[in-house]
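Novice: I have a structure I would like to understand better, so I am pasting it below and will then ask my questions one at a time.
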Amino acid sequence: MPLPPPTQQHGAAPSVWQKLKMGAMMGGGVGLTIGFIFGSYSILRGGVGPRGFLATLSQYMLSSAATFSFFLAIGSVIRNEELMSPTMQAARAQLLPPLVFSKAQGAAWMRARWAQEKKKEAPWIHSQ
């Protein structure tokens, strides 16, 4: 029996379109649930209204699902958009020195920058 073709390589990051769809599906599920809760509460508290129970509840659920899916789809794409692959990020973190300095190193670096800037500003101050 032949093996089925692989659907996705192991370790491969999802594409932007896959992230968008995943965020929209998650947002839709959350929105339907929240819409059901708030719609049911609104119907119990204020009455069914002229359109009926099912129409009122479905309007709450669909509007909430559309809103949540829109924002979660965009948020999942923005939040997960990386310029480097995870492998490259891990290699970079291991190979480059950390960007954390001690107080003494930071103060010496700031004094050197200030001295450099004072040298640049000095001709302007004394020429006027």
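The values are calculated or read from the model by the stated rules, or taken from the named source; none is laboratory data. On a predicted model such as this, the values are computed, not experimentally measured, just so you know. As a convention, Cβ positions derive from the backbone with ideal geometry for all residues, glycine included, and neighbour counts pool all protein chains shown.
Novice: Go over the candidates ALA104, ALA73 one by one and state the one that is surrounded by fewer than 10 Cβ atoms within 10 Å (Cβ to Cβ), modelled with pLDDT of 70 or more and of a type in the set (Gly, Ala, Ser). Break it down into steps so the answer makes sense when it comes.
Specialist: Working: ALA73 fails: surrounded by fewer than 10 Cβ atoms within 10 Å (Cβ to Cβ).
Only one candidate passes the filter, namely ALA104.
Novice: Still on this model: Out of GLY31, GLY46, GLY39, I need the residue that is without any contact (Cβ under 8 Å) to a residue 60 or more places away in the chain and closer than 27 Å to VAL77 by Cβ. Which one? Steps first, answer last, please.
Specialist: Values: GLY46 fails: closer than 27 Å to VAL77 by Cβ; GLY39 fails: closer than 27 Å to VAL77 by Cβ.
Exactly one residue qualifies, and that residue is GLY31.
Novice: Is it the case, given these coordinates, that GLY49 is surrounded by 11 or more Cβ atoms within 10 Å (Cβ to Cβ) and either modelled with pLDDT under 75 or assigned to a helix (DSSP H, G or I) (or both)? Step through it out loud before you land on a result.
Specialist: Numbers: surrounded by 11 or more Cβ atoms within 10 Å (Cβ to Cβ): yes; either modelled with pLDDT under 75 or assigned to a helix (DSSP H, G or I) (or both): no.
For GLY49, the condition - surrounded by 11 or more Cβ atoms within 10 Å (Cβ to Cβ) and either modelled with pLDDT under 75 or assigned to a helix (DSSP H, G or I) (or both) - is not met.
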